[in-house]
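The values are calculated or read from the model by the stated rules, or taken from the named source; none is laboratory data. Bear in mind that the values here come from a model prediction, so they are computed numbers and not experimental data. Quick reminder, even Gly has a Cβ in these numbers, built from the backbone with ideal geometry, and neighbours come from all protein chains shown.
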């Protein structure tokens, strides 16, 4: 899998790095832990503590979706990946005309977090991007500041509804 090979490449460059993998559903925890173990990479699989994991992370690599908004609310720098079947990718490009796939970028109206999509999601590209971010504390701080702006834009209670309205408005 791409993520395991990415972790291996990052580990070779950053010897002391720790990888945490939160699993939302305990049904899949053992299966995922087995796959990780077979991959031979030291990755700690954690059940049901996604917010704690994001909160202590220097960088999150996440699929597009609500996890990107959750990471944004925690001001956790991230790389967003999106890879699907070729048919879904083609249909999505025909039907949906958004310049970004991640909620932070959609809400900001510009790129504030990097996105690797479909054919660009490779272990080498992802590892190089992660390493360049992890080695640039200024870039990480700038990303946190931009995520803070997006979060403040959502405001107080009702943030999910406001985010949904912004996304729907951008679809039009």
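Test residue 107 against the criterion of being outside any strand (DSSP E or B) and within 23 Å of residue 60 (Cβ to Cβ), and give yes or no.
On the way: outside any strand (DSSP E or B): yes; within 23 Å of residue 60 (Cβ to Cβ): yes.
So residue 107 passes the test.
Residues considered: 127, 163. Of these, the only one that is touching a helix residue (DSSP H, G or I) at 6+ places or on another chain (Cβ under 9 Å), assigned to a helix (DSSP H, G or I), at pLDDT below 85 and crowded, with 18+ Cβ neighbours inside 10 Å is 163. Of the helices (runs of 4 or more DSSP H) lying entirely inside the range 1-65, those containing at least 3 residues that are touching a residue at least 40 places away in the same chain (Cβ under 8 Å) span 2-13.
All conditions in (1) surrounded by 12 or more Cβ atoms within 10 Å (Cβ to Cβ); (2) within 16 Å of residue 61 (Cα to Cα); (3) out of contact with any helix residue (DSSP H, G or I) (no Cβ under 7 Å at 6 or more places or on another chain) hold for residue 142, with the sole exception of (2). Just give me the residues in the range 94-124 being more than 13 Å from residue 80 (Cβ to Cβ) and touching a strand residue (DSSP E or B) at 6+ places or on another chain (Cβ under 9 Å), in sequence order. Scanning the range 94-124 gives a single hit, 122. Residues of the range 22-35 that are touching a helix residue (DSSP H, G or I) at 6+ places or on another chain (Cβ under 7 Å) and surrounded by 15 or more Cβ atoms within 10 Å (Cβ to Cβ): 22, 23. Residue 68 meets the stated requirement of being in contact (Cβ under 8 Å) with a residue 12 or more places away in the chain, under 15 Å from residue 117 (Cα atoms), part of a helix (DSSP H, G or I) and touching a strand residue (DSSP E or B) at 6+ places or on another chain (Cβ under 6 Å).
Counting the residues of the range 4-38 that are out of contact with any strand residue (DSSP E or B) (no Cβ under 8 Å at 6 or more places or on another chain) and farther than 21 Å from residue 129 by Cβ gives 10. Please specify each residue of the range 39-56 satisfying the condition of being surrounded by 14 or more Cβ atoms within 10 Å (Cβ to Cβ), closer than 18 Å to residue 6 by Cα and touching a strand residue (DSSP E or B) at 6+ places or on another chain (Cβ under 9 Å). Passing the criteria: 41, 43, 45.
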